[in-house]
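The values are calculated or read from the model by the stated rules, or taken from the named source; none is laboratory data. Here the structure is a predicted model, which means the values were calculated and not measured. Methodologically, a virtual Cβ is constructed for each residue, glycine included, from the backbone with ideal geometry; neighbour enumeration extends over all protein chains shown. All accessible areas refer to the heavy atoms of the entire protein, side chains included, with ligands and DNA or RNA removed. Shrake-Rupley method; radii C 1.70, N 1.55, O 1.52, S 1.80 Å.
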Amino acid sequence: ASVSPLPTRSRDALCDYVTRIAGEGQFDPAHEHIYKRCKERFAELIGAPAKPTEIAFAGSTSHALGLVATSLNWQPGDNCVVADGDFPANVIIWKNLQHTHNVEVRMIPFRPAMDLTLDDIAPLIDERTKIVSLASANFLSGFPIDINAIGAWLGERGVLFCVDAIQTLGAIEFDATNVDFVCADAHKWLLGPNGTAVLWARKEVLQTMRPQILGWLAVQGRDNWLAYDTTPIDSAERFEPGARNYLGIVATEASLSLLQEFGMGKVEKRVVELRDYATQKLEALDCRFLWQPTPGSRGGVVTFQPPHGEIAVLYNHLEERFALSLRQDRFGRDWLRISAHFTNCEADLDKLADAIQAQL
């Protein structure tokens, strides 16, 4: 849920690519097929109805969200809805529209667990609501929203739905049936490198969007350089204005191949098993949870506090052996966050629980 180590196959793919372009140059044959295959893998991962032509690469989740926010056809009086308590990447982007596009930004009220449901969203929606943008799971508590229920309700009212999927994409199976946009960086559950992210935009909505930065590779007439065409290309490549981060794409494609070879159904099953196992071990130590995962809930984040002691001191001790996250909530309270992936095992969590107990 923070930053992933790079899998061996991704490291090897990156090294092979660097060796090739060092000898042959950074020309299309070195990366064109990987560029296309990576989009195919992302479309498969996001699920129905995503298609490779609706996939664009971005530099980060913030970048992808910004492309969505600034490319919509905003009209005077329009509003958008975000959640007070989501990660700032999915709040600041939208709040900035107040300054750049005179858009009203409505905030779903904060509560510590961020266990949001449709009942929290519905009161803020009216005939001028253009889009709702929410995290698939809260970055701090780990609570996963019901994407399908929320998206279906919004769709019936003609409201677009954007999902910041960075805390679930690569950890659980994704279903974009009732979603219009998916944004996520590769460096978390997707096991990819920093600086590579995905933006999926549903075709019907994509065709109505005009990027604020329209580059030479993003237009219909891009092969006729001196025509200076300003008609956006039909595909999501309209969001890719110029030279692409092929180094990141090569590594990400290899990471996605690992997840897909194992199978996202198996990945999700394992992630949830380990999350529940971690919860049981921590519960036995009398730890407190920001949101305690419930049976059948989807996601891999467990956020907790030990029953006593300085949490920052405990974190510093654990950090010598384990990759955890130390996070603060709105009230300045420290929390520890576990996010075991499918490559972890119960023994890892046993060792973690023993290490915590030894410090209590």
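Observations on the structure shown:
- Near PRO109, once Lys and Arg are set to +1 and Asp and Glu to -1 for all other residues with Cβ below 9 Å from its Cβ, the sum equals -1.
- DSSP beta bridge pairing in the chain, given as percent antiparallel to the nearest 5: 55
- Using the rule -39500 (n - 2.57) for each DSSP H run of four or more residues, divided by the residues of the chain, the 222 nm mean residue ellipticity is -11000 deg cm²/dmol.
- Shape of region 149-213, Cα gyration tensor, a/c cut at 1.5: oblate
- Of the GluC sites (Glu not before Pro) found in region 264-328, those in coil by DSSP whose Cβ has at most 13 other Cβ atoms within 10 Å are GLU310, GLU319, GLU320.
- Annotation for region 176-279: chymotrypsin sites (Phe, Trp or Tyr not before Pro) lying in DSSP loop with at most 15 further Cβ atoms inside 10 Å of their Cβ are TRP216, TYR228.
- Ordering of 111-120, 78-87 by burial proxy (mean other Cβ atoms within 10 Å per residue, highest first): 78-87, 111-120
- Cross-link partners for LYS130 among the aspartates and glutamates, with Cα-Cα distance under 16 Å and sequence neighbours closer than 8 places in the same chain left out: ASP78, GLU104, GLU156, ASP180, GLU204.
- 3J(HN,Hα) from dihedral phi, region 109-114, Karplus parametrisation 6.51/-1.76/1.60, rounded to Hz, x for glycine, proline: x, 6, 8, x, 6, 6
- Long-range amide H partners of SER325 with built H, under 5 Å: ARG337
- Structure-derived Rg/Rh (Cα atoms, Kirkwood Rh): which label, when the choices are (i) 0.99; (ii) 0.94; (iii) 1.11: (i)
- In the chain, Cα pairs under 8 Å separated by at least six residues give a relative contact order of 19 percent.
- Protein heavy-atom surface of the chain, 1.4 angstrom probe: 52% of the accessible area is carbon and sulfur, with nucleic acids and ligands not counted.
- Placed amide H near PHE139: partners under 5 Å, 5+ positions off or other chain: PHE87
- Amide H contacts of PHE161: VAL132, ASP180, PHE181, each under 5 Å away and 5 or more positions distant or on a separate chain (H built 1.01 Å from N in the peptide plane; Pro and chain starts excluded).
- In the chain the longest region clear of trypsin sites (Lys or Arg not before Pro) that are loop-assigned by DSSP and have at most 16 other C-beta atoms within 10 Å covers 1-127.
- Here PHE110 and TRP225 are evaluated by their C-beta separation; at R0 = 41 Å the FRET efficiency comes out at 0.25.
- Over all other residues within a Cβ to Cβ distance under 12 Å of GLY155, the charged ones net out to -1, with Lys and Arg as +1 and Asp and Glu as -1.
- Gained length - GLN260 relative to THR8, 0.36 nm times residue gap less alpha-carbon distance: 89.2 nm
- Solvent-accessible area per residue for the chain (1.4 angstrom probe, square angstrom): 45
- Calculated FRET efficiency for the pair GLU204/ASN316, C-beta based, R₀ 45 Å, to 0.05: 0.35
- Spacing of the two label points (7 Å from each Cα toward its C-beta) at ASN102 and ASP119, in nm: 3.8
- For region 1-42 and region 98-151, distance of Cα centres in Å: 35
- Set LYS39/LYS266; LYS95/LYS269; LYS36/LYS266; LYS36/LYS188; LYS36/LYS95 screened for pairs whose C-alpha atoms are more than 29 Å apart: LYS95/LYS269; LYS36/LYS95
- Region 89-184 - percent relative contact order, Cα under 8 Å, separation 6 or more: 24
- Span from the region 78-96 Cα centroid across to the region 201-229 one, whole angstrom: 26
- Other residues with beta-carbon under 11 Å from the beta-carbon of PRO52 carry, at +1 per Lys or Arg and -1 per Asp or Glu, a net charge of +1.
- Reducing region 273-304 and region 246-267 to their Cα centroids gives an inter-centroid distance of 27 Å.
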